[in-house]
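Remarks on the structure that follows.
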Amino acid sequence: FKDRCCFHRSDTGETMAWSESMDKLLANKDGLAAFRTFLKSEFSEENVEFWLACEDFKKTKSSTKIASKAQKIYSDFIEADAPKEV
């Protein structure tokens, strides 16, 4: 069971905090891993990947990086027949 589940890595307090807030869940590497595992089982992992890409985009300061990241988000997630279309 330990090889298939990542909950054993976090203490109980951290794990309980995940139920209080998606931000807490996604900010914790074990919480994110658990959520990704769940999304994979539901065939919808691209949703969290899109969210993470957008969060990274919001933190970008360089105008040249902004343009390239925006294009990557568009081509990966938004355009017709994108590989991770949301």
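The values are calculated or read from the model by the stated rules, or taken from the named source; none is laboratory data. If you're wondering where the values come from, they're calculated on a predicted model, not measured in any experiment. For neighbour counting, all protein chains shown are included, and Cβ atoms are generated from backbone atoms with ideal geometry for every residue, glycine included. Side chains included, ligands, DNA and RNA excluded: accessible areas come from the protein's heavy atoms. Shrake-Rupley method; radii C 1.70, N 1.55, O 1.52, S 1.80 Å.
Structural remarks
- Tally of residues being over 15 Å from residue 23 (Cβ atoms), open to solvent by less than 60 Å² (accessible area, probe 1.4 Å) and in a helix (DSSP H, G or I) across the stretch 51-61: 1
- In the stretch 69-80, of all residues being part of a helix (DSSP H, G or I) and exposed (fewer than 12 other Cβ atoms within 10 Å of the Cβ), the one that is farthest from the chain's Cα centre (by Cα) corresponds to 71.
One line per residue, one yes/no per condition, for (1) modelled with pLDDT under 90; (2) closer than 27 Å to residue 75 by Cα:
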residue: 11; (1), (2): yes, no
residue: 14; (1), (2): yes, no
residue: 19; (1), (2): yes, no
residue: 22; (1), (2): yes, yes
residue: 32; (1), (2): no, yes
residue: 37; (1), (2): no, yes
residue: 43; (1), (2): no, yes
residue: 48; (1), (2): no, yes
residue: 53; (1), (2): no, yes
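- Look at the stretch 27-39: where a residue is in contact (Cβ under 8 Å) with a residue 24 or more places away in the chain and a partner is outside any helix (DSSP H, G or I) and surrounded by 15 or more Cβ atoms within 10 Å (Cβ to Cβ), sitting 6+ places away or on another chain with Cβ atoms under 8 Å, you get 30/6; 30/10; 33/6; 34/6; 37/6.
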